[in-house]
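Contents: one structure, followed by commentary.
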Amino acid sequence: MSNLERDPVELLCPPDEPAGPIVQVLAPRDVPLGGPRAMNVRRTLPQRGRTTIGAWCFADHYGPDDVAETGGMVVPPHPHTGLQTVSWLFEGAIEHRDSAGSHELVRPGGVNLMTAGRGISHSEVSPPGTTTLHGVQLWVALPEASRNIGPFFEHAETEATTVDDATVRVFVGSLAGLDADVTVFSELLGAQVDLPAGGRATLDLEPTFEHGVLVDAGPVSIRVDGADAATDVARSELAYVEPGRHRLELAAGDAPVRVLLLGGVPFGEPIVMWWNFIGRTHEEVEGYRQDWQDQITLDGELVDAASSVADGRFGVVDHDLPPIPAPVLPNVRLKQRR
């Protein structure tokens, strides 16, 4: 999914944040994507208090949305660099096409992972017959050694296992004896955990990871390493757990719980993140934007997808939707996030 904000915000976090509690609860912000019938998402990454969890650098949580009212997802071809996109659904279906020649539907239980590397473009559209859309769109920042690799796409189906009262599905990395069948370039975890009303589960954490618990259905009570007090986390909030922790206890109240558990080794590289691009300097991102604009315009006018420059950095998506032009860069220099 593209970051379709009309004026995408470039955030700067101070390099040295003060030590916080074991569990830090982060509230989402509502972001309308697109035009008058905007698809609304709840964004928990990035924000001023937390830009990354491991290499996870972007999290949009949406739905459940009635497609008859919202029009569903219609995201025309748009570019990416320096990242991986991870699409995970709770309800509905999304059709993915990209300039590497991939064409794949993702439904609940499956994961679409696209590696942008040096540059790719793609589109995402909810196909006919989709009545409800509900899921998350996640981005992973690629480390320096991998950020300019050739683009590629993977789709994988996941299996479920039980841990205490919980049902667990792993779509990135490893947890509870399950391994996801997709490629990542840093140590990462992405898993869905479901609890029935009144259910409890204890999950072993990788202590070198920092973790985030994104609540889709809740609230959920979280206790880390047997702490005296639990932390209650409401629907759509993101609970951050610092590295060095070994055990996460989840408890549901009167309603069922569904969370995403995200984790990874802290990402030690500064990045510049603007619109759909991740680079290392202002000049790099400015160059990516110009490459995209040169590819999709002729004499300053937007061309249709078929007329785009096929041998440009981002290639051409086999789709009849016109590509999305890049927003205007801000009047200030883009700063690195740490």
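General observations
- Strands (runs of 3 or more DSSP E) fully within the range 185-277 counting 2 or more residues that are closer than 19 Å to G173 by Cβ: 188-195, 200-204, 210-217, 238-241, 247-252, 257-264
- Put simply, of E154, E144 the only residue that is assigned to a strand (DSSP E or B), within 28 Å of G268 (Cβ to Cβ) and either small (G, A, S) or out of contact with any Gly (no Cβ under 8 Å at 6 or more places or on another chain) (or both) is E154.
- Summed over the range 24-48, residues that are at pLDDT 80 or above and not in a strand (DSSP E or B) total 4.
Conditions tested, residue by residue: (1) buried (at least 17 other Cβ atoms within 10 Å of the Cβ); (2) in contact (Cβ under 8 Å) with a residue 40 or more places away in the chain.
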| site | (1), (2) |
| --- | --- |
| T162 | no, no |
| V172 | yes, yes |
| V193 | yes, yes |
| P196 | no, yes |
| G199 | yes, yes |
| T202 | no, yes |
| E206 | yes, yes |
| H211 | yes, yes |
| D228 | no, no |
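- Restricting R245, R235 to those that are within 19 Å of L138 (Cβ to Cβ), over 17 Å from the mean Cα position of the chain (by Cα) and charged (D, E, K, R) reduces the list to R235.
- Of the residues G300, G253, G279, G312, the single one that is over 30 Å from I22 (Cα atoms) and at pLDDT 95 or above is G279.
- Count of residues meeting criterion [within 28 Å of L178 (Cβ to Cβ) and open to solvent by 10 Å² or more (accessible area, probe 1.4 Å)] in the range 96-108: 7
- Residues that are among the hydroxyl-bearing types (S, T, Y), assigned to a strand (DSSP E or B) and either out of contact with any strand residue (DSSP E or B) (no Cβ under 9 Å at 6 or more places or on another chain) or surrounded by fewer than 23 Cβ atoms within 10 Å (Cβ to Cβ) (or both), drawn from the range 63-95: S87
The values are calculated or read from the model by the stated rules, or taken from the named source; none is laboratory data. Here the structure is a predicted model, which means the values were calculated and not measured. Reconstructed Cβ throughout: ideal geometry from the backbone, glycine too, with neighbour counts over all protein chains shown. To get the accessible areas, we keep the full protein, side chains included, count just its heavy atoms, and leave off ligands, DNA and RNA. Shrake-Rupley method; radii C 1.70, N 1.55, O 1.52, S 1.80 Å.
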